[in-house]
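Visitor: Here it is, the structure in full.
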Amino acid sequence: MSKLLNSVLIANRGEIALRIIRACRELGIKSILAYSEGDKDSLPVKLADQAVCIGPANAAKSYNNPELIMSAAMAFGADAIHPGYGFLSEKADFVDMVEEEEIGFVGPKADHIRLMGDKIAAKKVARKAGVPTVPGSDGLVSDADEAFKIAKEAGFPLLIKAAAGGGGRGMRVVESEETLAKDLDEIMSEAETAFNDPSVYIERYLTDIRHIEIQVLADGENAVALGERDCTSQRRNQKLIEEAPSPAIDAELRAGLEQAAINLCKEVGYKNAGTVEFVFDNTEDKYYFIEMNTRIQVEHPVTEMVTGVDLIKEQLRIASGLPLSITQEDVQIKGHSIECRINAEDPNENFAPRPGKITQFRTPGGFGVRMDTHIESGYTIPPFYDSMVGKLIVWAEDRDEAIARMLRSIDELVTEGVVTTAPFQAMLLDSDKFRSGDFNTGYVAKLLEG
Ligand code: ADP
Ligand code: ADP
Ligand code: MG
């Protein structure tokens, strides 16, 4: 019978570093935080059991540097590394290094990241597991002739996507044959610059869709699905508001989506937490696999709020070699949860990042309100990383109450000194469209156009 890890090195920053520190503390696991000079005054540094400065603010020389993370983990004798999201979390070569040193990794095996982190490879696995995928190319598309052939079959509009893309970056809609060759060329060189990998593939661009994703936990033997998150409220393919359950999914659809996600995990023998993402076609009530995120996701709290399962603790248990603490029957969805990703960005200036000093910070409170943030009054949001202020999460008995609770929580939030996306999110939540529950990924852009 194995027991919990003794210590975990956290290779991340901000709210997710703090989230992991808190879970470790409650489980009696020692947290060791690897931080950059840009974060030396941050709350995670103050709250971790130990903290080690690994390099300058520039992420390439700190959070994104595998050698530095490895030497910190070894110097401190960490049993395992938790990568959080972003940074090295989905870099299979880094996980190879971790495995070679026989340090634990709070995430899947390197080979599974390699398989599922590459979007082309993942789609092939999905097809093999009998999970529907968006019509388009069978795999890599490298020249215009091939692109024209696919266009003939799938029809316009098309979406060219980078195999290594993420965070809403690395994709382009092609409206017609005229620009296809040029678009292909441009997106390939953009992918090369942004992700060091020019591989792209093509999908039919579906215009009336919702983004629905299934949270899974797997220990290598068993896989459990924890319902869906609806992340349809997006701007430029980036999530703004997430909720669980989805207002568009009934029990039958949920069961189908969950089974598809579990089949995919079983196909590869997946271990740890993962998210299987689908686009859900409103016009024909069909879903298609788009990608799998082989890590904890930003919006994981909404699932925690409606299931009562602490996903980070489950990740730590699985990485300790313990079996899942829950079965599929234990998962019961209760009430409704909404999350707003609040960024220091100016909605009136095309969402340009506005990092800076928060002179006064006050988080909302009360029944059903949770704020995951590393910010305190007087903290300066550094310009080197993403500009997230925090995640405001609410739980309520039903969707209407959750909307009301989120609106009053945004009212209470004070972020003196920086402009944030919160008022914009309040406007979305209060719109007839959002309240109706009947919308698609295009509604935010429509509201912005006026
Ligand atoms: P989630 O998938 O958890 O909802 P995002 O897609 O926004 O959230 O990604 C979470 C974080 O990881 C963000 O900070 C994002 O910038 C980063 N990220 C995700 N994929 C990549 C990638 N391929 N390259 C670089 N950064 C990425
Ligand atoms: P990322 O790795 O950046 O998260 P995804 O493949 O998950 O990329 O796609 C991000 C978003 O782009 C989706 O949530 C969806 O809104 C949109 N999208 C992706 N594929 C399609 C598609 N074939 N048709 C229409 N929209 C799509
Ligand atoms: Mg995605």
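Read-outs: derived from the displayed coordinates by stated rules, not from any lab. Keep in mind the model is a prediction, meaning the values are calculated, not measured. Glycine also receives a Cβ, built like all others from the backbone with ideal geometry; neighbour counts cover every protein chain displayed.
Visitor: Going through the stretch 6-41, which trypsin sites (Lys or Arg not before Pro) have at most 12 other Cβ atoms within 10 Å and a DSSP loop state?
Guide: Qualifying residues, ordered by number: LYS40.
Visitor: Tell me, what is the percent relative contact order of the stretch 102-183, built from C-alpha pairs under 8 Å that lie six or more residues apart?
Guide: For the stretch 102-183, the relative contact order is 22 percent.
Visitor: Continuing with the same structure: Hand me the trypsin sites (Lys or Arg not before Pro) from the stretch 250-336 located in a DSSP loop with no more than 16 other Cβ atoms within 10 Å, in residue order please.
Guide: LYS334
Visitor: Run lengths n ≥ 4 of DSSP H only: what is the helix-derived mean residue ellipticity at 222 nm for the chain, with -39500 (n - 2.57) per run over all residues, to the nearest 500?
Guide: Mean residue ellipticity, 222 nm, calculated: -10000 deg cm²/dmol.
Visitor: Hey, another quick one. If I take every Cα pair under 8 Å that is 6 or more residues apart in the chain, average their sequence separation and divide by the length, what percent do I get for the relative contact order?
Guide: With pairs under 8 Å counted, the relative contact order is 15 percent.
Visitor: Another question about this same structure. Show me the GluC sites (Glu not before Pro) within the stretch 75-182 that DSSP assigns to loop and that have at most 16 other Cβ atoms within 10 Å of their Cβ.
Guide: GLU101, GLU102, GLU175
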